[in-house]
Each structure stands twice: as C-alpha cells, then as structure tokens.
Amino acid sequence: FDFCQAEGKKRPSENLGQVLFGERIEPSPYRFTFNKRETCKSVCTKTYDTTKPEDKQKLDFLKKSMLLNYQHHWIVDNMPVTWCYDVEDGQRFCNPGFPIGCYITEDGRPKDACVINSEFHEKDTFYIFNHVDIKIYYHVVENEALGARLVAAKLEPKSYKHTHPDNPDCSGVPMDISNKASGEVKIAYTYSVTFHEEKNIRWASRWDYILESMPHTHIQWFSIMNSLVIVLFLSGMVAMIMLRTLHKDIARYNQMDSTEDAQEEFGWKLVHGDIFRPPRKGMLLSVFLGSGTQILIMTFVTLFFACLGFLSPANRGALMTCAVVLWVLLGTPAGYVAARFYKSFGGEKWKTNVLLTSFLCPGIVFADFFIMNLILWGEGSSAAIPFGTLVAILALWFCISVPLTFIGAYFGFKKNAIEHPVRTNQIPRQIPEQSFYTKPLPGIIMGGILPFGCIFIQLFFILNSIWSHQMYYMFGFLFLVFIILVITCSEATILLCYFHLCAEDYHWQWRSFLTSGFTAVYFLIYAIHYFFSKLQITGTASTILYFGYTMIMVLIFFLFTG
C-alpha cells in the first residue's frame, strides 16, 4: 500500500510462529513522545496524477482495498491500537484495527464504516481515513521509581480534505475520492495525540477491555453445555451397553455347562480366532497411528500451556512457535508407536516403516505449505515466508525430528511384539451378510457425526480468528472441548466396534481408525460452508490459499481424531 513510510528504521524481529502465520510488523512514521500533545501533525502527503499509469494503479489499489474493507493494524507497546464504537444494546465494541476508508454506493447507500459520519453522503465516492485522533491512557506506577505504563491506546479515524497540506488545520469537509475522479488527487496524512491518566486499569489487565467487547462469550458457555450434554449422553450409552451387554454375555458364557454348550458360540465370541488377524495395508495404518500420537500429544501440551496463559495474544506468534517446536521434539513417540504396531501386525520391513513415519505425513504437510508459499510469493505478498525460514524448518525436520523418530522406532522394534490372548486361526472365517448399518461405509459416516457436533461452535471461533483476524483467547474453553472431543471419539468408536464384532465382522483395525477420523471430512464440509457463507474472498490465488491451508488442517485433524 502506498501509505507514509518510516525512513531508516529497521523492522522489529519476529519469531517462528509470526513468520509462519504471515504476520509482518513494519516500523511506523507516526512519532510520539510521552505526555507531549500533538494536534494535527502532518506525516506526509501523497499526490496521485491519474494521467500517469503507475499513479492510477496505486490509487485504484487503494480504492479496491476500501471497497473490501481492509484494515490497518497498529501496535503501541505491544498493545493493539483499538477503535471503539457503540453497537446496538448500548454496548461498545473495540476493534483491534480500523478501516483504510469506506465507500458510498451509486444509490447513496453507505457501506461498512461510512455509517459513522453523516457528512459521508456523496454517491459513488470513496472516503479515506487520512487523519487519526489517538488517545493514549497511562497508569502512573506508585511506590516504584517514577514511571508510567501504557494501559490502553484508542483512536478515532477521521477524514479531512486539508486545504493547506503543509500546515494542516484538521477541520472542514471530508477527504472524498470520487470513483470517476480524474486529474490530481492529493491525500495529506495527519494525526493528533493526547495522553490521559487512567488510575483504574492495572498494567496486568490492560488487555481486558479488548477481550470484553469481543462478541459471543455468552455463546461459549452455551456451546460447552451443549457439548457436555452430548458427552454425558454418549458416556451413559457406552457405559450402559458395555456393562449390560458385556455383563450379560459374560454371565451367559459362565452359566453354560462347560461340555455340551461350548460348541454353540454366538456374537463376538465367534470371531476369536480371527480378531487379531493383521489388517490389510498394516504398514500405512501403523504410520498413521505414529503420526497421530505425535499430533495428539502436541495438541494436548500446547493447549495445556495456553491454558496457563503462556500463549496469550500478547505474546505474538507464541502459539504457533510452541506447536512447531513440540511437534519436532515429539518424533520419538511417533517412531515408537508406529514400530510397536507394525511389529504386532507381523511386519518385517522395519526400515520402510521408520522412513514412512518420518516423511509421509510431514512431507504432505510441507509440500502443501511450500506450494501455498509459492503462490504467496508469486502474488508478491508480505506473508510469503523468506527462504531462510524454509531452510530452518527443513533443518528442524531433518536434523531433529527424523533422528528422534529413528530412536523411538529402535526401542519400539527392540521390545517384544504385543502378546495376543488368543491364537489366530490358519484359515480366515467367512464374514456373514451384513445389514446396512454394520457395513463399513455407513458405520464410518455415522461415527463422525457425534464428535463433530461437540466441536463445531468452537470451530466457528477458531476459523474466525484465523481468517477474520479476530483474537482467539478462549483457551480454557478450547482445552475443555479438546478433552470432550477425545472422549467422544473414543466412545463412538468403541460403540461401533462392538456392534461390528457382534455382527461377526472382524476387520476392525482400519474401521476403528476411520470411524472417528471421518470427523475431519465433516470439518472439511464445514470449512467449505464457512468459505461461501462468511468470507467474501475473490480471486483465484486467495481461494487456492484458503483451501490449501484448510487441507493441512484437515489432514492433521484426521490423524489426530483417528
């Protein structure tokens, strides 16, 4: 964007998480000195001559961004500068950014932020917010060395057509840019800043006013209750079926006179000779189980730290950094789990198994990520990841994660294979004709619905925080939902597994992985619905980016739930 640039300041350094998320912090030309009021101070003036193609292109880009309601995000002392305005029901909403400008349509309807001022009334016209009134609130620290701490920064965006850009007076008509304007367009950028003492806000709780005005915290409790009801219902069902049926079955077996009735077995007792027959594609299943364990532990530890408040929005990029580092360090459990299962499936090719565990799922994620990065790079976006960071990620993967996976696999293969309580028959049993709902596909599709029902309200907030730049800070809720999800996935799978075994179908390994893993497919469907209903994304590159990143999330979610 062609706004005022800061001369000669260098960019603040960023951590791994910020770089991966595409957050770039730029130095600003707006200069403050503590407790020094500024009124209508000029920053710079930009002149566009619409007869020159490069100027016209810059101005058109500016117009397009106002039409799409692009936002400035400013930071003072690590606090977002917020724009607070009244919404319905007498509440104030504090937005951690403010729009570049706004547009009045051809039939005189104000769009987005144009509703704030009745002077914005020219039809088919853009109004640019070229002046900001910044209020900085500070808290004087008592009983320490004299000093003050910034506790809030708020601003009001204004639009003024400065008649004398060199000595602006910040009054008069708004700065309008007609859509059909030709000739020279001059935009002067100015700011005023005032300082106010605020005794009531402590420095430690200075983020509260932003979070309080974030919408929908009351929906959260509702959704948690909703999920808990599902969980209680499921647990009750599982407990009842398990206790009643298994109890009944076992009592029934114990009642029998050991001699003559033993031949007439029924239900799940019939498949005892086939239940531990190794599954088809056992190699792939063991690799998935290894990667899934890695992701499960990573998510648990990350969310646990987030709950303790280490990864709040104030530590920019901490969440992503924590997740990536944990994922790299958790290579050992992945290798170990994959090796144990592969060995118990009677597999021999242990080298292939280790290599697939270290490279298959991470490789897919990295390839997807790399393609997305190429697109960003081609579009000239600032969110593109520098080459050095890509090399660093590869180094983390190859030099730390892979050796750790090998160590885990070594221990996994050294241990004796998992002992099975019953022998597997030489000849596989024939599986009887299955009824509709015990067939593999219907069972798998039904299995994913319940876990998805528990998470979908949280999913809405998470997608909002990723794509609509809202802050996500409800990690306590998220941790609760995570535990609920783990319980629901396990219970739904156990339940369906039991029904299949009663129907004498002993292919349970893949089916148990896919039953809860199918939740990821519902997640994908929801993400597509979110894309069409909530986001106004235009352009091929943006669409590809959205679905590219969504596919990474879906794969990780699939491995985790499975």
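The values are calculated or read from the model by the stated rules, or taken from the named source; none is laboratory data. Computed from a predicted model, the values in this text were never measured in an experiment. Glycine also receives a Cβ, built like all others from the backbone with ideal geometry; neighbour counts cover every protein chain displayed. Surface accessibility is based on the protein's heavy atoms, side chains included, excluding ligands, DNA and RNA. Shrake-Rupley method; radii C 1.70, N 1.55, O 1.52, S 1.80 Å.
Counted over the chain, the DSSP beta bridges are approximately 80% antiparallel.
Evaluate E = 1/(1 + (r/R0)^6) for Glu156 and Ala383, where r is the Cβ-Cβ distance and R0 equals 30 Å; express this FRET efficiency to the nearest 0.05.
On the way: r = 29 Å, r/R0 = 0.96.
So the FRET efficiency works out to roughly 0.55.
The simple Förster model, with R0 at 35 Å and r as the Cβ-Cβ distance, assigns Thr163 and Phe366 a FRET efficiency of 0.05. When the C-alpha to C-alpha distance is required to be over 24 Å, the pairs from Lys349/Lys415; Lys58/Lys186; Lys56/Lys135 that qualify are Lys56/Lys135.
How about the stretch 307-380: which trypsin sites (Lys or Arg not before Pro) there are in a DSSP loop, with at most 12 other Cβ atoms within 10 Å of their Cβ? Write out the running numbers ahead of the final one.
Working: sites: Arg316, Arg340, Lys343, Lys349, Lys351; in loops: Arg316, Lys349.
Passing sites in the stretch 307-380 are Lys349.
A 1.4 Å probe run over the chain, with the rest of the protein chains in place, finds 54 Å² accessible per residue. Angle of helix 402-414 to the longest C-alpha principal axis of the chain, folded into 0 to 90 degrees and rounded to 10: 10°. In the context of the full protein assembly, Ser312 retains an accessible surface of approximately 40 Å², using a probe radius of 1.4 Å and ignoring ligands and nucleic acids.
Tell me the angle of helix 53-67 to the major Cα principal axis of the chain, expressed in degrees between 0 and 90 and rounded to the nearest ten. Helix 53-67 sits at roughly 60 degrees to that axis.
Potential lengthening of the chain between Ser118 and Ser13 amounts to 33.6 nm, from the contour at 0.36 nm per residue minus the alpha-carbon distance. Computed with every protein chain present, the accessible area of Glu212 is close to 140 Å² [probe 1.4 Å]. Take His164: with every protein chain present and a 1.4 Å probe, its accessible area is about 120 Å².
What's the carbon and sulfur percent of the stretch 31-212's accessible surface, probe 1.4 angstrom, rounded to a whole number? Let's see the in-between values first.
Working: 4790 of 10090 Å².
Result for the stretch 31-212: 47 percent of the exposed heavy-atom area is carbon or sulfur.
The mean of 1/r over all pairs of different alpha-carbon atoms in the chain, once inverted, gives a Kirkwood hydrodynamic radius of 28.0 Å. Across the stretch 343-367, the residues whose backbone nitrogen lies under 12 Å from the label position 7 Å along the beta-carbon direction of Leu394 are 367. Sorted largest first by accessible area at a 1.4 angstrom probe radius, with every protein chain in place, the residues Arg277, Arg206 fall in the order Arg277, Arg206. Global dimensions of the stretch 323-422 from alpha-carbon coordinates: Rg and Dmax equal 17.1, 62 Å. Taken along the Cα-to-beta-carbon direction at a fixed 7 Å, the label points for Leu246 and Lys269 span 1.6 nm.
Expressed in nm², what is the orientationally averaged projection area of the convex hull enclosing the Cα positions of the stretch 444-550? Provide the component values of the computation, followed by the final result.
Working: hull surface 30.7 nm².
With every direction weighted equally, the projected area is 7.7 nm².
Label-to-label distance for Ile431 and Leu211 is 5.0 nm, based on points extended 7 Å past Cα in the beta-carbon direction.
Angle of helix 217-240 to the longest C-alpha principal axis of the chain, folded into 0 to 90 degrees and rounded to 10: 0°.
Could you pull out the longest piece of the chain with no exposed loop chymotrypsin sites (Phe, Trp or Tyr not before Pro) in it, calling a site exposed if DSSP puts it outside H, G, I, E, B and it has at most 11 other Cβ atoms within 10 Å?
On the way: sites that count: Phe1, Phe34, Phe266.
The longest such stretch corresponds to 267-562.
In this rough spin-label picture, where each label sits 7 Å from Cα along the Cβ direction, the Lys186-Phe532 distance is 5.1 nm. Rounded to a whole number of µm²/s, how large is the Stokes-Einstein D of the stretch 31-212 at 4 °C and 1.567 mPa s, given Rh as the Kirkwood radius over C-alpha pairs? Rounded, D is 72 µm²/s. Ranking Glu26, Glu122 from most to least accessible surface, computed with a 1.4 Å probe over the protein chains only, gives Glu26, Glu122.
Relative contact order, percent, of the stretch 31-212 when contacts are C-alpha pairs under 8 Å separated by at least 6 residues? Before the final figure, lay out the partial values.
On the way: 370 pairs, mean separation 52.6, N = 182.
Reported relative contact order: 29 percent.
Restricting the stretch 423-530 to trypsin sites (Lys or Arg not before Pro) that sit in a DSSP loop and have at most 10 other Cβ atoms within 10 Å of their own Cβ leaves Arg423.
Can you sort His131, His272 by 1.4 Å-probe accessible area, starting with the largest? Mind dumping the intermediate values first?
Values: His131 5, His272 80 Å².
Largest to smallest exposure gives the sequence His272, His131.
Using every pair of separate Cα atoms, the Kirkwood estimate puts the hydrodynamic radius of the stretch 51-133 at 14.2 angstrom.
Exactly which trypsin sites (Lys or Arg not before Pro) in the stretch 1-109 are in a DSSP loop and have at most 10 other Cβ atoms within 10 Å? All intermediate terms of the calculation are to be shown ahead of the outcome.
Numbers: sites: Lys9, Lys10, Arg24, Arg31, Lys36, Arg37, Lys41, Lys46, Lys56, Lys58, Lys63, Lys64, Arg92; in loops: Lys9, Lys10, Arg24, Arg31, Lys36, Arg37.
Hits after loop and neighbour filter: Lys10, Lys36, Arg37.
Checking Cβ-Cβ separations below 4.7 Å across the chain identifies Cys307, Cys322, Cys361, Cys399, Cys454, Cys489, Cys497, Cys502 as cysteines lacking any candidate disulfide partner. Please give the net charge around Thr424, taking every other residue with its beta carbon less than 9 angstrom from that of Thr424, where Lys and Arg add +1 and Asp and Glu add -1. Around Thr424, the charge tally is +1.
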